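Here's the structure we're looking at; comments come further down.
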Amino acid sequence: MVKKAVSIIFVFLMLAVLCVPVFASVGEHRYLFDYADKLSDDEENTVSQMLDSAAEERNVELYIVTKSENPDFSAREYLSQFASGITSTASGGVIYAVFDYDSNTFAVVPTGNAEGVYDSSLLEDMISDFFSSGEIYNSCMTLASYIAADDPSGGINSIAVYDSKEKNDGKNDGTVYSQNSEHSEKTSVLKKELIVIAVALIGAVIVCLILKKQMNTAVKNDSASEYMKPGSLKITSSAEMFIRSETDKTPRSKQNED
């Protein structure tokens, strides 16, 4: 019984390990391209998580690109070339944002179904002050949190608020004060964990049932030859030998002797 329990646990853990990379790959799609190297590693991770949340929760893909050392193309020209290499199946459409540090300009352009929902001028207005003051992190997070918001029609008031007052070196501590975005990220992670556990449990049950069915094929036989594999042993001669004998004696009654 103990061996069976250990086997079930082992199979469950193995299936969970195999499933984790599959679900982890869901968030590996790249939406942030910091070619101008304006974001730290921590800031890139935070922005990427918010972009993943927007794609998953709102089914809208927001691509953010920082551009430098390429003065031959304006922000919109560069955006057009970049968009031509993107293939998207998002039902909510795609939004492209390019921050051009060659000319200190930027452009935000909704495409597809996003064009009828998000206004390009509104998106650009909400990040204009951040970009002008060199706060690229706040620019990216403002766009991403607005797209990920439950009610994008709510305008600037529905987006997350970031602490930029203590920003002295162009960086941000990544503190988010929006309950909606935090709740969405936690819910997304919880859903993935539950799916992994459910798949692993179902797989473990199936494997155990298969093993149990295989173990039920044994049948008791009276002859020892039934347990031998055919052709595994060749008997040339046989004889019965007794290493001991037993004799049962019953004393006769004395009346019979008389």
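The values are calculated or read from the model by the stated rules, or taken from the named source; none is laboratory data. As the structure is a computational prediction, the values presented were derived from the model and not from experiment. Note: accessible area is taken over every heavy atom of the protein model, side chains too, but ligands, DNA and RNA are not part of it. Shrake-Rupley method; radii C 1.70, N 1.55, O 1.52, S 1.80 Å.
Points worth noting:
- Pairwise inverse Cα distances across the range 88-139, averaged and inverted, put the Kirkwood hydrodynamic radius at 11.7 Å.
- Residues whose amide H lies under 5 Å from that of residue 106, counting only those 5 or more places away or on a different chain, are 100; hydrogens are built 1.01 Å from N in the peptide plane.
- Expressed as a whole percent, the accessible surface of the range 42-138 that belongs to carbon and sulfur atoms is 40, based on a 1.4 Å probe.
- ³J(HN,Hα) computed for each position of the range 93-101 - Karplus, 6.51 cos²θ - 1.76 cosθ + 1.60, integer Hz, glycine/proline x: x, 10, 10, 10, 10, 10, 10, 9, 8
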